[in-house]
Structure formats: structure tokens, C-alpha cells
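Read through the structure below, which is laid out as C-alpha cells, and then see the notes.
The values are calculated or read from the model by the stated rules, or taken from the named source; none is laboratory data. Everything numeric in this text was worked out from a predicted model, so none of it was measured. All Cβ positions, glycine included, derive from the backbone under ideal geometry; neighbour counts span all protein chains shown.
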Amino acid sequence: MQQIGKKYNYTGLEFVLSDVKKDKLFSGKIDMVITLHACDTATDYALNFAIQNKAKYIFSVPCCQHEINLSINKGGELDIMLKDGIIKERFCALLTDEFRAQILRAFGYSVDMIEFVDFAHSPKNIMIRAKQTISKFNTKIFEKLQNYIKNYNFSQKLYDLTKNF
């Protein structure tokens, strides 16, 4: 990874490649966290690492999001989205990424989600971009997320990792 920085004459950069679930991650100051197709809950572990280390910038391209799809139950006004398999799967993937965005906002990040790759090339094409803008925690966001979890009885890893900060 360091060869990339040298190749493009980037000085003062250090690249760290890690498995967020099992490796001891970098312990210095974190300016930016980038994830690319971190499958299922690996994205959540990486985002949690970024939040804990107060990374200034986050660029995350999630991959498969199975967690909510496997655990969600009917429980409210959105039940119509849970009736048919392919719709449920896509809805749960979008719900997962929106949960991630809301949690980042709760921790003071300005967040937007953009199309990363044209949809014609990949259905997994969302990039979550976040910039730390304020340090005050927003409990109201977490309360709203908690209500969704309670109503639909599902689990979401980033929520679980950050709810006791």
C-alpha cells in the first residue's frame, strides 16, 4: 500500500490495510477511513472504528447487507415492503445504509450518499460520504432508530456497536 503513496508522490500519508473484525487496527491519528465493498457487517465495524477514532472523513461503499433482511419482522406502516422477497431484500439493504447514515449524523458527521458506480454496472453502487462537523452527540436520532428496531424487531450491527458510547 505504501507504494501507492510513493508512486503518486504523496508525502505524509500512511496507508493501512486491515481486517476490521480481527486485526489490531491503526492506533495513531486517523484522518480518513475508506471502505470498498466491505461485506455485510464489516462496513459497520469499519464505520464504528472511524467514529471511535473521530476520523475527519469517511468514504464507505457497502456491499451485501444481509443482517436486517435476515432478522426483520413485520411491525408497522412499512410492512408492505416486507411482503415480496426481492423488494424486502432491496428495502433492507437501503434501510441498512440509511441506519448507517443516521448513526454517523448522530455522532456529528455531515453525510450524503451518492451513486458510486452507474447502476447499469452494479446494483451495489452507493457511497456514504461523511465529514466530521460537530462534536455534540444527537440522542434524538438514536431514539428514532431504536423505535424502528423495536417495532420491526431486527438487529443492525453499527447501532449495536455504538449505542453505548
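For the reader, a short list of remarks on this structure follows.
- Any hit, the stretch 109-125, residues being at pLDDT 95 or above, part of a loop (DSSP other than H, G, I, E, B) and not small (Gly, Ala, Ser): no
- Against the list (1) within 14 Å of the chain's Cα centre (by Cα); (2) touching a residue at least 40 places away in the same chain (Cβ under 8 Å); (3) farther than 16 Å from Tyr152 by Cα, the condition Glu67 fails is (3).
- Exactly one residue among Asp40, Asp44 is assigned to a loop (DSSP other than H, G, I, E, B) and surrounded by 15 or more Cβ atoms within 10 Å (Cβ to Cβ), and that residue is Asp40.
- Candidates Arg100, Arg105, filtered to the one that is under 21 Å from Ser155 (Cβ atoms), out of contact with any Pro (no Cβ under 9 Å at 6 or more places or on another chain), in contact (Cβ under 8 Å) with a residue 12 or more places away in the chain and not in a loop (DSSP other than H, G, I, E, B): Arg105
- The residues of the stretch 65-88 that are crowded, with 16+ Cβ neighbours inside 10 Å, closer than 29 Å to Lys131 by Cα and of a type outside the set (S, T, N, Q), listed by number, are Glu67, Ile68.
- Some residue of the stretch 130-146 being of a type in the set (D, E, K, R) and within 12 Å of the chain's Cα centre (by Cα): no
- Checked against the criterion of being modelled with pLDDT of 95 or more, assigned to a helix (DSSP H, G or I), farther than 15 Å from Cys64 by Cα and of a type in the set (D, E, K, R), the stretch 150-163 contains one or more residues that satisfy it.
- Top-ranked residue of the stretch 18-37 - restricted to ones that are part of a strand (DSSP E or B) and hydrophobic (A, V, I, L, M, F, W, C), ranked as farthest from the chain's Cα centre (by Cα): Met32
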